[in-house]
Each structure stands twice: as structure tokens, then as C-alpha cells.
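The next block holds one structure in the form of C-alpha cells; read it before the comments.
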Amino acid sequence: MSMTEPRGMEPAAPSTSSLKVTLPTLQEKKRNHAPISALTAYDYTMARLVDEASVDLVLVGDSLGMVMLGHESTLAVTMEEMLLFTRAVRRGVRRALLAADMPYASYHVDIAEGVRNALRFVKEAGAEAVKVEGGSNRVELVHRLTDAEIPVIGHIGLTPQSLHRMGGYRVQGKSLPAAELLLGEALALEDAGAALLVLEGVPREVAARITAELAIPTIGIGAGPDCDGQILVLHDLLNLTFAPAAKFVRRYADAADAIRNAVEDYRKDVETRSFPSDAESYHLPAETRDRLAKMAERQPRKA
Ligand code: KIV
């Protein structure tokens, strides 16, 4: 456990970027054609860094099943895991809007169970919105969640929870009928009360059309630059995924390399006894140190 100070409650200097982001903030951004920035985060440390970088929306994505828990897909992630990570992120996020992903099977059996689970994210973990994957099959759920005062983020296109139905992670909406279907799904979710819509893995032209048709903001991932905002998995942009980057990922840093080098340097310093140094050690006051030395002289260690 490090002995650094906990995050203080000192007032931040007032500036536009320190104002709490709310849903109306994001709606206003859409109206003003100001891009919305969004990223995933799963733990306190990363959440705090992302929040301090003034990203508008932090999503505790169920992608945590892959990047934090090492699963092959998002399907195994449970409610309890999502709640644990969301609580940690909540402690690190002050400014951004905080959304949590509803994991597979938490809203697929019946609507009432979906509403109960979504309420847990708000009441037990401090989420300000929940995200659900799916289109017209989620309309009733989105209605009910909105009725229960829970803002909903829809998610259509390449929906990772539909992995088996899609037969892999494939770009969606590539034909005209498929593109029209996606537009219909987007409009149905908006009509049902969705506050935002994630468009994942769809052709740029389709995302642009949906963005132009909707009053609510669209947030793209692998959907081109014409969405109202962009989201990436934080571990993708930091190169912390042990996998080649998808076409739509831009790597902004190589944290894997930085961490590997730092850990190797530490190991070498331990093995060569150059860590810790005397300056990195605590010391007795001079008088106590002298008395300890005298005691050692009087009571030499038995062989
Ligand atoms: O789980 C996730 O991280 C997501 C985003 C990438 C949209 O759904």
C-alpha cells in the first residue's frame, strides 16, 4: 500500500472544463456541433486520470471482462463484477458523466429483472446512466428504464454481446437493407427514450446518416468521424491489450512497453542491491541508533 495522500477535496479552479458533465451538457454539445469525448475506465486510478483529462463521458464497459479479467469475450461478465468496478470508477470520477454497461444476461430474461439490475448500478454504484446493447428488441426495456429515471445509452451495430449470433466481431450495416434496419433501430431507441446511442463497427456513411437523423447524440467506435462523439477502450489506446489493434484504434501511448521496462529495471535494481538506496530508507534518530549499536556489541549473535 503506498503512503501517498488520498485525493483532497480542494476546490478546483473554476473553468468550463471543471463543470460537471450532465446529459443536457452532451445534448447541447450535439446542438453546437461540439464533439463529445468518451473513454472506458474500470478502476479508480485510470478513472481519475481520464476524468482529470476532461473526457466528457466515462463508461465502465463490459469490455472489462476481456481487458481486466482475461476472458475471451464479454459474455461471462457478471452483475457483481460490473458493480465492483463501477464503484471503483465512481470514486475516481468527479466531472465526467459516469455510465455503466449492463452485462450479458442482466436484462435478457425479463424486463423487470433488467430494471432491478439497472437500479442497482444507480443506487449501489453511483452510475448516472446505463448502456444496453440491442435495437427494437430493447424498446420496452428502454421505456421502462427511462420511466424509472435511469438514463439509457443504446448500443447498436457490432454488439459484442451478440457475438455468437453475428458469428464473430463483424462490421454491421454493410448492405442497403442492413443500413436501413440500423437506422430504424436507432430511431426506435430514440423514440423509446434513449439519451445517447453508441454506434459500433458500422460504415462511416451509415453512422453519418444515423447521426443526422437523430436528435440524441451518437457516440461512435469504429463508426467514422461523423458521429457526435467518439469512444475507445482505454486499454486499446494505451496498448494494454496484448493483441493487434483494430483498424479504428489509434494508439496514443505504449503503456505496455513503459510498464515492462519499468518492472525490468526494478527487478535488476533489486537483484544488484541498488534498490533501495540509503536515501530511500528510514533511519533511527542518531541517539537511538548508537544505543542499538552498543546493544549489538554487548549481545553478539550466537553462531
Ligand atoms: O464494453 C465497452 O467497452 C463498450 C464500448 C467500447 C462502447 O461497449
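The values are calculated or read from the model by the stated rules, or taken from the named source; none is laboratory data. Since the structure is predicted, the reported quantities are computational estimates derived from the model, not experimental observations. Here the Cβ is made from the backbone with ideal geometry for all residues, glycine too, and neighbour counts use every protein chain on show. Ligands, DNA and RNA are stripped out before the accessible areas are found, and what is left, the full protein with its side chains, is counted by its heavy atoms. Shrake-Rupley method; radii C 1.70, N 1.55, O 1.52, S 1.80 Å.
Could you check region 99-116 and list, in sequence order, the residues that are open to solvent by less than 60 Å² (accessible area, probe 1.4 Å) and under 19 Å from the mean Cα position of the chain (by Cα)?
Selection gives Ala99, Ala100, Asp101, Met102, Pro103, Ser106.
Would you pick out the residues in region 124-143 that are among the aliphatic types (A, V, I, L, M) and either surrounded by fewer than 21 Cβ atoms within 10 Å (Cβ to Cβ) or within 13 Å of Gly184 (Cα to Cα) (or both)?
Correct list: Ala125, Val139.
Before we move on, is Phe242 over 30 Å from Pro35 (Cα atoms) and part of a loop (DSSP other than H, G, I, E, B)?
No: the conditions fail for Phe242.
With the structure loaded, tell me whether Ile259 is modelled with pLDDT of 95 or more and in contact with a strand residue (DSSP E or B) (Cβ under 6 Å, 6 or more places away or on another chain) or whether it fails that test.
No.
Taking the condition of being within 20 Å of Ala76 (Cα to Cα) and either among the acidic types (Asp, Glu) or in a loop (DSSP other than H, G, I, E, B) (or both), how many residues in region 103-162 meet it?
12
If I filter region 144-155 down to residues being of a type in the set (A, V, I, L, M) and surrounded by 15 or more Cβ atoms within 10 Å (Cβ to Cβ), which single residue comes out as nearest to the ligand (Cβ to nearest atom)?
Restricting to residues being of a type in the set (A, V, I, L, M) and surrounded by 15 or more Cβ atoms within 10 Å (Cβ to Cβ), the top hit is Ile153.
Tell me which of these Leu75 doesn't satisfy, since it passes every other one: (1) outside any helix (DSSP H, G or I); (2) within 24 Å of Gly229 (Cα to Cα); (3) within 15 Å of the ligand (Cβ to nearest atom).
(2)
Can you confirm whether region 212-223 contains a residue that is assigned to a helix (DSSP H, G or I), open to solvent by 60 Å² or more (accessible area, probe 1.4 Å) and closer than 29 Å to His33 by Cβ?
First pass over region 212-223, keeping only residues assigned to a helix (DSSP H, G or I): 212-213.
Filter once more, keeping what is open to solvent by 60 Å² or more (accessible area, probe 1.4 Å): 212-213.
Now drop any that are not closer than 29 Å to His33 by Cβ, which leaves 212-213.
For region 212-223, residues assigned to a helix (DSSP H, G or I), open to solvent by 60 Å² or more (accessible area, probe 1.4 Å) and closer than 29 Å to His33 by Cβ: present.
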